[in-house]
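The structure appears below as structure tokens.
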Amino acid sequence: MGVSEPLMWCNRPMQVDPATIAALEPRLVQLAEMLDGARFDLPAPGQSAVSNARSAIVRTIREYLIPRFDDPEAPVVAAFVGPAGTGKSTIVNSLANDRISEVGPLRPTTRKPVLWAHRDHAGRYWSEFVARVRERVGPEIEVVIGDDELTLQLTVVDTPPSEYVTPTGKRPAFDALALADLCVFVTSAT
């Protein structure tokens, strides 16, 4: 069994109804505006948590859902997330049959997200996606472009450990995960 065989479902064309997209996109924009404008005037314990959650939902609608409507056939984005030393980078390198991310005994070895994508996706969607990742995570991401057949339908993001916090207080694994279509959670027996 080859590496790409379990992902053969990705090679089937996705059926996207343009009328459905045309109807949903303005509703999502309206929902984001309504949520963004909602204010709770009564002081309550945990109100800042509610406000932060609301902001996160608005940001997800604007930075993830709506851009996906612009190009619904864009590659699936898979974020590899998990604690330090569990083998996220080793798995990504194994999928690529190449060194995409650095591996080593130093923890954490991966301190910035590494995006691995196919060169055919260097168009508008890809540029906007990388810009959104840089805006969320910071400019320190590494982008690896290649010709691997797996990346025709899949963009891979190798993230720093989930517990890693940058000197500026960012948590790059969670920031990258917010822009991904799926999460591959990697853990160890410990």
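Considering only region 40-69, state which residues are out of contact with any helix residue (DSSP H, G or I) (no Cβ under 9 Å at 6 or more places or on another chain) and modelled with pLDDT under 75. Across region 40-69, the qualifying residues are 41, 42, 43, 45, 46, 47, 48, 49, 50, 51, 52. Counting only residues that are more than 16 Å from residue 112 (Cα to Cα) and open to solvent by 20 Å² or more (accessible area, probe 1.4 Å), region 73-85 holds 2 of them. Within region 76-131, the set of residues being farther than 19 Å from residue 175 by Cβ and of a type in the set (A, V, I, L, M) comprises 91, 95, 96, 100, 103, 106, 122. What are the residues in region 91-123 that are part of a loop (DSSP other than H, G, I, E, B), charged (D, E, K, R) and surrounded by 12 or more Cβ atoms within 10 Å (Cβ to Cβ), if any? If the condition is that a residue be part of a loop (DSSP other than H, G, I, E, B), charged (D, E, K, R) and surrounded by 12 or more Cβ atoms within 10 Å (Cβ to Cβ), then 98, 102, 111, 112 are the ones that fit.
Being among the hydrophobic types (A, V, I, L, M, F, W, C) and under 13 Å from the mean Cα position of the chain (by Cα) is the filter here, so list the residues in region 117-142 that pass it.
Narrowing region 117-142 to residues among the hydrophobic types (A, V, I, L, M, F, W, C): 117, 122, 126, 129-131, 133, 137, 141.
Listed by number, the residues that qualify are 117, 126, 129, 130, 131, 133, 137, 141.
Examine region 167-174 for a residue that is out of contact with any strand residue (DSSP E or B) (no Cβ under 7 Å at 6 or more places or on another chain), open to solvent by 70 Å² or more (accessible area, probe 1.4 Å) and hydroxyl-bearing (Ser, Thr, Tyr), and state whether such a residue exists. Scanning region 167-174, I find at least one residue that is out of contact with any strand residue (DSSP E or B) (no Cβ under 7 Å at 6 or more places or on another chain), open to solvent by 70 Å² or more (accessible area, probe 1.4 Å) and hydroxyl-bearing (Ser, Thr, Tyr), so the answer is yes.
Given 178, 189, which one is in contact (Cβ under 8 Å) with a residue 40 or more places away in the chain, aliphatic (A, V, I, L, M) and either surrounded by 12 or more Cβ atoms within 10 Å (Cβ to Cβ) or over 22 Å from residue 60 (Cα atoms) (or both)?
178
Among the residues of region 124-154, those identified as assigned to a loop (DSSP other than H, G, I, E, B) and open to solvent by 20 Å² or more (accessible area, probe 1.4 Å) are 139, 140, 147, 148, 153.
The values are calculated or read from the model by the stated rules, or taken from the named source; none is laboratory data. For clarity, every value in this text was computed on a predicted model and none was experimentally measured. Cβ atoms come from the backbone with ideal geometry, glycine included; neighbour counts cover every protein chain shown. Please note that ligands, DNA and RNA were not included when accessible areas were found on the heavy atoms of the full protein model with its side chains. Shrake-Rupley method; radii C 1.70, N 1.55, O 1.52, S 1.80 Å.
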